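Taking it in order: structure first as structure tokens, then the write-up.
Nothing in this text is a laboratory measurement; each read-out follows from the coordinates by a stated rule. All values reported here derive from a predicted model rather than from experimental measurement. Cβ sites come from the backbone with ideal geometry, for glycine too, and all protein chains shown count toward neighbours.
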Amino acid sequence: MIFIGERINTGFKDIKQAVTDKDPKPLQKWARKQTDAGATYLDVNLGAVSSKPEDHCWMIETVQEAVDTLICIDTNKVNILAEALKVCKKSPLINSTTAADEKLEPMMALAAEYNASIIGVVMDEAGAPKNADKRVENAGKILAKAMELGLEPDRVFLDPIVMPLKFMQEQAGQILEATRQFGLFSDPPPHITCGLSNISNGTKNKSLINRIFLTMAIQCGMDSAICDVMDRKLVNAAKTAELVMNREIYADAYLSM
């Protein structure tokens with residue numbers, strides 16, 4: 001399971017203040033904590049705090065001073081991404097492009113240039129799809145563009161767009177069906193990821209809903225999530241689901257591996 005730690009994001013008050021003050025300590029604290037919890041990537045999100053590429057670069061460099069964990073560059077702005085890629089010490093994950101031509105072409109070109117992996121969110125100019133078929137159509141367009149530019153399928157992370165269960169309950173089944181079909185695109189298949197916390201947005205039982213949805217998505221082929229890696233029950237449930245799906249070899253100590 002590829003865990004992408006969500007916590008270095010200016011949507012959180014401590015990170016927003018740290019970026020404003022250029023205080024490295026909160027970013028480095030969360031970088032270490034998420035790394036120790038088993039994060040494969042650390043999502044670094046400048047958000048709306050600034051539109052300056054140098055601020056996103058400062059965040060990435062600050063995190064890299066503390067840990068060797070791979071970086072997930074979270075921006076939809078091409079100018080910021082172009083500069084952020086230059087300061088990554090290891091091949092990063094880009095979060096994200098969409099199937100809309102305006103984003104797809106330049107984002108994929110940068111991913112190919114820097115041999116980065118990239119998340120493709122399966123929305124297009126019309127917005128987020130309402131059914132599995134349109135999600136699959138957009139995903140196919142994203143994967144085709146990646147392969148056209150020389151990116152192998154295992155460098156692509158398809159995101160079926162998770163919707164809040166509380167407000168769009170009927171979407172959950174469509175998301176899971178799209179996830180299942182994404183795995184049929186190629187051999188090896190692309191990775192499949194999601195912004196997991198979206199499913200529990202506005203609910204009282206966030207951890208439980210996140211945990212159950214992720215295990216169901218793993219059964220459908222999902223192998224990655226942008227999530228709270230500090231939630232031990234979530235991480236353990238995901239590892240166990242992968243074990244049951246025969247994607248990992250059993251050992252009594254599998255939860256600590």
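Projecting the Cα atoms of 60, 182, 27 onto the dipole axis of the chain, where Lys and Arg carry +1 and Asp and Glu carry -1 at the beta carbon, places 27 farthest toward the positive end. For the chain, the relative contact order is 16 percent, taking Cα pairs closer than 8 Å that sit 6 or more residues apart in sequence and dividing their mean separation by the residue count. In summary, the stretch 109-257 shows an alpha-carbon radius of gyration equal to 1.06 times the 2.2 N^0.38 Å reference for compact globular proteins.
Could you please rank 187, 133, placing first whichever residue has the fewest other Cβ atoms within 10 Å of its Cβ?
Details: 187 7, 133 13.
In order of increasing Cβ crowding within 10 Å: 187, 133.
For the listed residue pairs 13/130; 29/89; 77/130; 103/141; 22/103; 25/204, the alpha carbons are over 21 angstrom apart in 13/130; 77/130; 22/103; 25/204. By the count of neighbouring beta-carbon atoms within 10 Å, fewest first, 88, 72 end up ordered 88, 72. Considering only beta bridges that DSSP places wholly inside the stretch 19-117, some 0 percent are antiparallel.
Within the stretch 124-200, which GluC sites (Glu not before Pro) sit in a loop by DSSP and count at most 11 neighbouring Cβ atoms inside 10 Å?
In loop regions of the stretch 124-200 (DSSP not H, G, I, E or B), the sparsely surrounded GluC sites (Glu not before Pro) are 125, 170.
Per residue of the chain, what 222 nm ellipticity follows from adding -39500 (n - 2.57) for every DSSP H run with n ≥ 4, rounded to the nearest 500?
Rounded to the nearest 500, it is -14000 deg cm²/dmol.
Averaged across orientations, what area in nm² does the convex hull of the alpha carbons in the chain project?
So the Cα hull casts an average projection of 12.9 nm².
For residue 145, give me every one of the aspartates and glutamates with a C-alpha distance below 18 angstrom, ignoring sequence neighbours fewer than eight places off in its own chain. The qualifying aspartates and glutamates are 101, 102, 105, 113, 124, 125, 137, 154, 159, 187. In the stretch 22-169, the convex hull through the Cα atoms has an average projected area of 9.6 nm², a quarter of its surface area. In terms of its C-alpha gyration tensor, the stretch 8-72 comes out prolate, because a/c is 1.5 or above and the ratio a/b outweighs b/c.
In a simple Cβ point-charge model (Lys, Arg +1; Asp, Glu -1; nothing else charged), the stretch 127-198 has a dipole of about 260 debye relative to its Cα centre. Listed by Cβ neighbour count within 10 Å, with the fewest neighbours leading, 21, 43, 223 appear as 21, 223, 43.
Two decimals, Cα atoms only, Kirkwood Rh: what is Rg/Rh over the stretch 50-112? Please report the intermediate quantities before stating the final value.
Working: Rg = 11.6 Å, Rh = 12.0 Å.
Rg/Rh for the stretch 50-112 comes to 0.97.
Pairs of C-alpha atoms in the stretch 136-223 farther apart than 19 Å represent 38 percent of all such pairs.
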